[in-house]
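Structure record follows, encoded as structure tokens.
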Amino acid sequence: MCAHPNPTDRAGGLIYQREFQAGLRKLSTNDYLVLAGTFHGVHAITRSITPKLPLAPSTSPVASSPGTTAPATSGYSYPNPGVPATGLEFLETDKFHLTCFQTLTGTKFLLFTDPLTGNVDTIMNKIYELYADYVMKNPFYQLEMPVRCEAFDRHLGAWLRGRT
């Protein structure tokens, strides 16, 4: 299993980057920043283009042309109106998978895995749990700032190594 978590802030800025698999092709810090910003833009665009579906037709027919009637629709709605539009959540290629988990605060976790990695939701939930425990509960951490927390690094690295 190969996994690289990369949290971003609400504006798409990379706040944490660490490679946990030795021997892989390295990207520069600038490449990771460009990747995070680009993904943020694509995520925002895909969230805004979530298609709206026509509402169920009403029971009263409406004349659509002389001599014919058609059911009336009262507008359009998102497929599941109780759930907000989410944007791009998963990107699959033959070389890697990219999974995005967005928290209620707007922080996005981008997880790069190899195509054979299973239980990605479990991995993402554990990463978020460790982030909440060691970063968000750290009294010295400020929101939207880069994550500099040795306890988070240590526990995340140990957990990911234990999965291989």
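Does VAL42 satisfy the criteria of being modelled with pLDDT of 70 or more and more than 16 Å from the chain's Cα centre (by Cα)? Against the criterion (modelled with pLDDT of 70 or more and more than 16 Å from the chain's Cα centre (by Cα)), VAL42 does not qualify. Scanning region 94-118 for residues that are out of contact with any helix residue (DSSP H, G or I) (no Cβ under 9 Å at 6 or more places or on another chain), surrounded by 12 or more Cβ atoms within 10 Å (Cβ to Cβ) and not charged (D, E, K, R) turns up PHE96, GLY106, PHE112. The set of residues in region 88-126 being closer than 21 Å to LEU143 by Cβ and in a loop (DSSP other than H, G, I, E, B) consists of THR103, LEU104, THR105, GLY106, THR107.
The values are calculated or read from the model by the stated rules, or taken from the named source; none is laboratory data. Quick caveat, the model's predicted, so the values are computed rather than measured. No Cβ is skipped: glycine too gets one built from the backbone with ideal geometry, and neighbour counts run over all protein chains shown.
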